[in-house]
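Since the structure comes first, as C-alpha cells, the remarks are kept for the end.
The values are calculated or read from the model by the stated rules, or taken from the named source; none is laboratory data. Owing to the predicted nature of the structure, the values given are computational and were not obtained by experimental measurement. Cβ atoms come from the backbone with ideal geometry, glycine included; neighbour counts cover every protein chain shown.
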Amino acid sequence: MRKLTNVLVTGGAGFIGCNFIHVLLQKTPSFKGRVINLDALTYAGNAASLADVESDFGGSRYFFERADITDRAAVEAIFKKYDIDTVIHFAAESHVDRSILGPEAFIKTNVMGTFTLLDAARNFWADTNADGTKGIRSDVLFHHVSTDEVYGSLGDTGYFTETTPYDPRSPYSASKASSDHLVFAYHHTYGLPVTLSNCSNNYGPYHFPEKLIPLMILNMLEGKSLPVYGDGKNIRDWLFVEDHNTAVWAIVNKGRTGEKYNIGGENEWTNIDLLHRLIDIVAEKAKLDPAKVRSTITYVKDRPGHDRRYAIDCSKLKAELGWKQSVTFEQGLAKTVDWYLNNEKWVEGIKSGDYKNWVEKNYTAR
Ligand code: NAD
Ligand code: TYD
C-alpha cells in the first residue's frame, strides 16, 4: 500500500506542476497529505502561480523549497526534512526550440537531475528485506512525468502505444527518453517502485507563452504577427492540463508499479487549423476583428527536425484506471483564453522578466 503522505512535487512552479498542485490541494478532498514543491525557479518557474495555495496551505500542507534537482546535497536534505514517501517528478527543461538553441541545460536537468533524484530516493528509501538482503520500501513511489515526444514522429496513420520503440529526434526528447530509461533501470536494477507517464501536448492556465497556444493568444491580444512554422500542417494531440494531472494522480494511486501509461487527448489538430479555431475564440472574447487577426498569420522558417505528427493511444490508462478527459477542446480552449484575459497581472509579470528579451532575440526575427 502506497503511503502518499509526504509528496515531493518537483517543478511545481512550472506550467503543469503548478496546475497539479492546485488540483491536488484544492480539488482532491481524499488527499490529506502534504505537498513539498522543489523548484529552482528557472525562467519557466513562477512562484506567483501558487500565491493562492501559499496563502491557503503554506506552512501546514504546502511547503516550497527553492533548489536545483542536480544538487544532491539539497535533494537529500529535502527528503530527510519532510520524510518524503512519494515523488512526482515534473521538473525539466521543457521547450523544444530552446533545446535546439542550447541543449546543455536539457542534459543537465533532464538527465543528471532525474538521475540525482532517483539515486537520492533509492538511498533514502533503502530497507532490509525479510531475508536480510538489501531492498527498498514498498510503500513509496517515484512517478516520472514524461512526454510522447520520446516515441519520435508518426506518418499520416498510427498511434503511439506503450510498446512503441523510442525514437527521440530533438535534444529535448532525447533528454527525456534518457530520463525514462534511467527510471526503469532503477526499477529493474534496484527494485525502486516507479510509475511513468508519457503525455501529449498540454494547454491551459499558467502556460509559459513561448509554447504555441499561449504565445498565439498573447500575440493576438497585442496585434503581433502569428508565426507558423513550415507549412502549418504538423499535427499535435492536445490535452487540457487538468486532465493530464488527474491522470497522473490516478496512476500514482492505482497504477501498477513498474508500468508506463500513455496519456492523451484523442484530439489531433494541424497547427494551422488549431490557430484558426483559436483566432475565432480570442476574437469573440476580446472583441477583435477575426479577419484582421487572421491577416497577421505569418509562415516562418521551419523548426529543424520538426516532428510531423504525434498521436496517442491511451486505451491502457482508460481501461485499467477508468480515467477519461473531462473537457472538450472547445471548452478547454475557452477556459484557457478566459484565464489569460482575466490574469493580466500574471501575464505582465512574465512579460517584465527575461521573456521579452528572449522572444525578441529568438522569435521576432523569424
Ligand atoms: P515548464 O517548463 O513549464 O516547468 C518546468 C519547471 O521545472 C519550472 O518551474 C522550472 O523552474 C523547474 N525546473 C527546471 N529545471 C530545474 C532544476 N534543475 N531543478 C529544479 N527545478 C527545475 O514545464 P511543463 O510544461 O510544466 O512540463 C512539466 C513536465 O511535463 C516536464 O517533465 C515535461 O517534459 C513534461 N511534459 C510536458 C508537456 C507539455 O505539453 N508542456 C507534455 C508532456 C510532458
Ligand atoms: P510547442 O508548443 O513548442 O510544443 P512541441 O514542440 O513540444 O509540440 O509547439 C507546438 C507546435 O506548434 C509544433 O508543431 C511547433 C509549432 N509552433 C509554431 O508553428 N509556431 C510557434 O511560434 C511555436 C512556438 C510552435
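The residues listed here are ASN198, ASN234; of these, the one that is more than 14 Å from ligand 1 (Cβ to nearest atom) and buried (at least 20 other Cβ atoms within 10 Å of the Cβ) is ASN234.
Quick check on region 209-232. Is at least one of its residues within 15 Å of ligand 2 (Cβ to nearest atom), within 27 Å of THR328 (Cβ to Cβ), within 14 Å of the chain's Cα centre (by Cα) and small (Gly, Ala, Ser)? No: region 209-232 contains no residue that is within 15 Å of ligand 2 (Cβ to nearest atom), within 27 Å of THR328 (Cβ to Cβ), within 14 Å of the chain's Cα centre (by Cα) and small (Gly, Ala, Ser). For ASP167, the conditions (1) surrounded by fewer than 23 Cβ atoms within 10 Å (Cβ to Cβ); (2) within 16 Å of ligand 1 (Cβ to nearest atom) are fulfilled apart from (2). Pairing each residue of region 300-312 that is over 20 Å from ARG98 (Cα atoms) and within 15 Å of ligand 1 (Cβ to nearest atom) with any residue that is assigned to a loop (DSSP other than H, G, I, E, B) and at pLDDT 95 or above, provided the two are 6+ apart or on different chains, yields C-beta distances under 7 Å for ALA311/LEU154; ALA311/TYR159; ILE312/TYR159; ILE312/SER200; ILE312/GLY264. Total residues in region 1-53 satisfying the condition of being within 11 Å of ligand 1 (Cβ to nearest atom) and either part of a loop (DSSP other than H, G, I, E, B) or in contact with a Ser or Thr (Cβ under 6 Å, 6 or more places away or on another chain) (or both): the figure is 13. Scanning region 253-289 for residues that are over 18 Å from PRO205 (Cβ atoms), away from ligand 2 (no atom under 16 Å from the Cβ) and assigned to a helix (DSSP H, G or I) returns ASN253, LYS254, ASP280, ALA283, GLU284.
Within region 304-320, the set of residues being among the hydrophobic types (A, V, I, L, M, F, W, C) and surrounded by 18 or more Cβ atoms within 10 Å (Cβ to Cβ) comprises ALA311, ILE312, CYS314, LEU317.
Could you tell me how many of the residues in region 109-137 are hydroxyl-bearing (Ser, Thr, Tyr) and at pLDDT below 95?
Going through region 109-137, the residues hydroxyl-bearing (Ser, Thr, Tyr) turn out to be 109, 114, 116, 128, 133.
Among the residues that remain, those that are also at pLDDT below 95 are: 128, 133.
Residues in region 109-137 being hydroxyl-bearing (Ser, Thr, Tyr) and at pLDDT below 95: 2 in total.
Scan region 96-132 residue by residue and report those that are of a type in the set (S, T, N, Q) and free of Cβ contacts under 8 Å to residues at least 40 places away in the same chain.
Within region 96-132, the subset of a type in the set (S, T, N, Q) is 99, 109-110, 114, 116, 123, 128-129.
THR128, ASN129 - these are the residues of region 96-132 that are of a type in the set (S, T, N, Q) and free of Cβ contacts under 8 Å to residues at least 40 places away in the same chain.
Residue selection: ASN6 satisfies the criterion of being within 25 Å of ALA126 (Cα to Cα) and more than 17 Å from the chain's Cα centre (by Cα). Within region 71-120, being assigned to a loop (DSSP other than H, G, I, E, B), within 16 Å of ligand 2 (Cβ to nearest atom) and among the aliphatic types (A, V, I, L, M) holds for one residue alone: ALA92.
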